[in-house]
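All remarks here apply to the structure that follows.
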Amino acid sequence: MPKDICVGLDIGGTNIKVGLVALDAQAGAAAPAAQIVARRRLSVAAFSSPVELVEGCCTTVDGLLGEAVREGGHRRRLGGIGVSICGYVMPDGLPELTNVPYLDGFPLVTRLRERYGVPVTMDNDANAAALAEHAFGAGRGARRLVLVAVGTGIGLGVIIDGQLVRFCGGTTGNIGHAVVDPASPERCGLGCRGCLETKSTAPALEREANRVARENPGTVLGRVLAGSAAERVSVSDVKAAADVGDDTARGLLAEAGRWLGTGLATFAATFSPDVIVLGGGMAEMGPALVGAAIEAFEDTGMPYVKRGLRIVPAALGNDAAMIGAVRGLPR
């Protein structure tokens, strides 16, 4: 273990993941690695303001540092803090259009830097995950990498010749809002009608699952809905039903996967990657979704860009954004 450790903060719309990260990525190393030394998870709902959120994160960081202050007889030193967030990071370092609206325009980096006196950087969560998968995970060694994170929304991180692609708010833009079905009546959380996020994300899957459950009370999902205290079918309910062989649940996952595959074909035509890394909670829904996505990609994608292109699952799971945020710190 190195003597220095860094803090990774991954701020999502529901949870905040806090980790102490040790990186072994020395120049010329044959197999650089990253290790989460300690971790905690906080609920965003526990905080009602940016000041409360920062204080909650700092209290958690202080506790983790206290537990890991010594390792192998050496005192551990905090080397820096990397923050990942779903949203834009503007040239002035302030977040915008985030999934925690009260953080928009809040000087989070400055507050953390003042508190700890170490380098602090912030990046979009898909960018951070792409950095981590490129350095330590499923995209290691790729010259042109596209990471697609599919969860509550769809994020894209693109690395070409070792450099992140940034042209809108420090990101590749909101490409998850590419319109794929203009005839659709459904709108996403940002107001787009018929975009990919209305088809392949967790909210889209839940919407369709609840519609099917209401219309078909005798199905597995219909019975789940009838017995739900929340009066809702969740994404985890759909996965559980698919895992035991329910055709309706598998059909819903396959439909989301087919739309995702058309999106992947568009991303491939745009960036001509060597590898597409699929991450996020929806990419963990299993073969019904992922298999359908790959089949749709193969059916609709441009043959020229498909040659030699690999579609692979993310290797670092929910740790990717934390690790990538730390990877982006100056060394």
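The values are calculated or read from the model by the stated rules, or taken from the named source; none is laboratory data. None of these values were measured; they are calculated from a predicted model. Please note: Cβ atoms are built from the backbone with ideal geometry, for glycine as well, and neighbour counts cover all protein chains shown.
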Checklist entry - Within the range 50-62, how many residues are out of contact with any helix residue (DSSP H, G or I) (no Cβ under 6 Å at 6 or more places or on another chain) and under 19 Å from ASN99 (Cβ atoms)? => result 5
Next on the checklist: Which of the numbered conditions does PRO119 fail, given that it passes all the others? Conditions: (1) assigned by TED's automatic domain parsing to the domain that holds CYS195; (2) surrounded by fewer than 22 Cβ atoms within 10 Å (Cβ to Cβ).
Outcome noted: (1)
Checklist outcome for this item: Sole miss for ALA268 among (1) surrounded by fewer than 22 Cβ atoms within 10 Å (Cβ to Cβ); (2) at pLDDT 95 or above; (3) over 26 Å from ARG166 (Cα atoms); (4) of a type outside the set (S, T, N, Q) is condition (3)
Next on the checklist: When you scan the range 206-216, do you find a residue that is among the small types (Gly, Ala, Ser) and over 19 Å from the mean Cα position of the chain (by Cα), even just one?
Outcome noted: yes
Item to check | Residue that is farthest from the chain's Cα centre (by Cα) [pool: residues in the range 167-188 that are in a strand (DSSP E or B) and in contact (Cβ under 8 Å) with a residue 60 or more places away in the chain] | outcome: CYS168
Checklist entry - Quick one: which of ILE154, ILE81, ILE85 is in the same structural domain as GLY257 (by TED's automatic domain parsing) and not acidic (Asp, Glu)? => result ILE154
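Give the residue, chosen from LEU252, LEU264, LEU225, that is more than 19 Å from THR14 (Cβ to Cβ), part of a helix (DSSP H, G or I) and more than 27 Å from the chain's Cα centre (by Cα).
LEU225
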Checklist outcome for this item: A careful count of residues in the range 275-297 that are charged (D, E, K, R) and at pLDDT below 95 gives 1
Item to check | Residue among THR60, THR121 that is in a helix (DSSP H, G or I), farther than 29 Å from ILE311 by Cβ and hydroxyl-bearing (Ser, Thr, Tyr) | outcome: THR60
Checklist entry - For the range 90-134, which residues satisfy the criterion of being in contact (Cβ under 8 Å) with a residue 40 or more places away in the chain and of a type in the set (Gly, Ala, Ser)? => result ALA126, ALA128, ALA129, ALA130, ALA132
Item to check | Close pairs (8 angstrom Cβ cut-off, 6 or more residues apart or separate chains): under 21 Å from ARG187 (Cα atoms) in the range 203-224, surrounded by fewer than 17 Cβ atoms within 10 Å (Cβ to Cβ) and of a type in the set (Lys, Arg) anywhere | outcome: GLU206/ARG232; ASN210/ARG232
Checklist outcome for this item: Apart from one, (1) assigned by TED's automatic domain parsing to the domain that holds VAL18; (2) assigned to a strand (DSSP E or B) all hold for ALA149; the odd one out is (1)
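Here is a check on your reading of the model: is GLY56 at pLDDT 95 or above, surrounded by 12 or more Cβ atoms within 10 Å (Cβ to Cβ) and among the small types (Gly, Ala, Ser)? If you could, list the steps in order and put the result at the bottom.
Numbers: at pLDDT 95 or above: yes; surrounded by 12 or more Cβ atoms within 10 Å (Cβ to Cβ): yes; among the small types (Gly, Ala, Ser): yes.
Against the criterion (at pLDDT 95 or above, surrounded by 12 or more Cβ atoms within 10 Å (Cβ to Cβ) and among the small types (Gly, Ala, Ser)), GLY56 qualifies.
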Checklist entry - Scanning for something touching a helix residue (DSSP H, G or I) at 6+ places or on another chain (Cβ under 8 Å) and in contact (Cβ under 8 Å) with a residue 60 or more places away in the chain, does the range 231-251 turn up at least one residue? => result no
